[in-house]
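Please treat every number below as a calculation from the coordinates, not as lab data. Quantities reported herein were computed from a predicted structural model and do not represent experimental measurements. Cβ sites come from the backbone with ideal geometry, for glycine too, and all protein chains shown count toward neighbours.
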Amino acid sequence: MIRINENYLKLKASYLFSDIAKRVTAFTTANPDKPVIRLGIGDVTEPLPQVCIDALKSGAEELANRATFKGYGPEQGYAFLRDLIAQHDYKARGAAIEADEIFVSDGSKCDCGNIQEIFATEGLKLAIPDPVYPVYVDTNVMAGRTGANLDGRYAGITYLESTPANGYVPAIPPVATDLIYLCFPNNPTGAVATREQLTAWVAYAKANRAIILFDSAYEAYIRDPKIPHSIYEIEGARDVAIEFRSFSKTAGFTGTRCAYTVVPKSLVAYDQAGNAHPVHALWNRRHTTKFNGVSYPVQKAAAAIYSDAGKAQVKAMTDFYLANAALIREAVKKLGFSCIGGDNAPYIWVNTGTDSWAFFDKLLNEAQVVCTPGAGFGKCGEGHVRISAFNSRENVEKALTRIAAALK
Ligand SMILES: *Cc1c(COP(=O)(O)O)cnc(C)c1O
């Protein structure tokens, strides 16, 4: 008799985006003459930078000729891309990361989800933010590291609460944990962590012989020069942290697919007897066993963003979304709500002070604008909604006019 992985039965059905879709469909069916504007789902809207389009085309042309054809590439990514990442994303910021510590992949979602399998399942103590990008929680539930979900929370997780009281940057937990998920700039809150806050996390991880999994998918949106772009800008982080980066939000690759994970060679984790093992070797084994590389034209397209023209085009694209975010932030504040995000992130986290689904319904029904109810991201998301800056300027302006009319 074939049996299932019963951990999957513990998963709280992910109703968030399907519930949103259902409510939007119900509204548009009843009101076919009222077009809705979607500021909900975290997907980009602007076309790929021209340098990426050119690189995709020339990469495809190379595949059309026997002399330049490429079959399987290195599982960890082509050297031309890994060298550029090490140089521009790390060494240029004073972070000593080498090209062979970088693993190119087809997405940070997969990497954040897969990384947990190289660590113990029994007895591993997890620290996970609330509200949160659901991948971190759900993949640990699937692996059997948690108990049942009671009242919206899984037994066996130390929740790192992001609340108005702590400025949406969770405090260091008062207990020891082993695997710590952090995401800055944050999805869904848009909060960023200061150098001092990250330094405290690195010290905590070091003291507990723990590992920080640092998701910096939104690094390209940081504009405040004091905010670190990488955890490796913090002294000692090489010994306690893995970092995830993606071209998705940086350069509009959500449908093109390219990302990378940094596993420093100095990072260790322990066996039951307390012997240290390099994590790099474990991840290399996992990656080369289960992954066969990102397609050549896509890696060429990713590499193109590191040229001078590429950097300018990426800056223009992220500036565009940040200008949307600034409009949203100002409009929300003008209506009397407190909010964070939008200055170093494409998300604005609005403290609605009311039930987040009720606020969602109000915006949908009275302004025909779709946001994301905070409760869908965790218990601490209640009382908040996320508004995304990923849309055209025209749609953002129209949405803000309608919201102002509906809420005044
Ligand atoms: C969008 C996003 C990613 C990137 O995912 P990809 O699979 O690379 O598209 C990673 N982490 C967070 C928190 C995100 O919002």
Considering residues that are small (Gly, Ala, Ser) and either closer than 15 Å to residue 19 by Cβ or outside any loop (DSSP other than H, G, I, E, B) (or both), the number found within segment 379-397 is 2
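Can you name every one of the helices (runs of 4 or more DSSP H) wholly within segment 35-151 that holds 2 or more residues which are at negative phi and in contact with a strand residue (DSSP E or B) (Cβ under 7 Å, 6 or more places away or on another chain)?
Details: elements: 50-63, 79-85, 108-114, 135-142.
Per the criteria, 79-85, 108-114, 135-142.
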ask   = On the given criteria, is residue 334 without any contact (Cβ under 8 Å) to a residue 60 or more places away in the chain and either over 21 Å from the mean Cα position of the chain (by Cα) or closer than 22 Å to residue 20 by Cβ (or both)?
value = no
The correct count of residues that are surrounded by 14 or more Cβ atoms within 10 Å (Cβ to Cβ) and in a loop (DSSP other than H, G, I, E, B) in segment 251-264 is 8
Going through segment 152-189 in order, the residues found to be under 22 Å from residue 325 (Cβ atoms) and part of a strand (DSSP E or B) are 182, 183
When (1) away from the ligand (no atom under 16 Å from the Cβ); (2) closer than 30 Å to residue 363 by Cα are applied to residue 70, the one that fails is (2)
Taking segment 154-199 and keeping only residues that are closer than 23 Å to residue 386 by Cα, of a type in the set (Gly, Ala, Ser) and in contact (Cβ under 8 Å) with a residue 12 or more places away in the chain, one is left with 162, 167, 190, 191, 193
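For residues in segment 209-242 being in a strand (DSSP E or B) and within 14 Å of the ligand (Cβ to nearest atom), which is surrounded by the fewest Cβ atoms within 10 Å (Cβ to Cβ)? Please lay out each step first, then the result.
Of segment 209-242, the ones in a strand (DSSP E or B) are 211-215, 241-242.
Now restrict to residues that are within 14 Å of the ligand (Cβ to nearest atom): 213-215, 242.
Values: 213: 23, 214: 26, 215: 27, 242: 26.
Among residues in segment 209-242 that are in a strand (DSSP E or B) and within 14 Å of the ligand (Cβ to nearest atom), the one surrounded by the fewest Cβ atoms within 10 Å (Cβ to Cβ) is 213.
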Quick count over segment 100-115, residues being away from the ligand (no atom under 11 Å from the Cβ) and either among the basic types (Lys, Arg) or buried (at least 21 other Cβ atoms within 10 Å of the Cβ) (or both), is 5
Scanning segment 243-294 for residues that are within 21 Å of residue 81 (Cα to Cα) and charged (D, E, K, R), the one farthest from the ligand (Cβ to nearest atom) turns out to be 265
In the set 79, 99, 86, 95, the lone residue that is of a type in the set (Gly, Ala, Ser) and touching a residue at least 60 places away in the same chain (Cβ under 8 Å) is 95
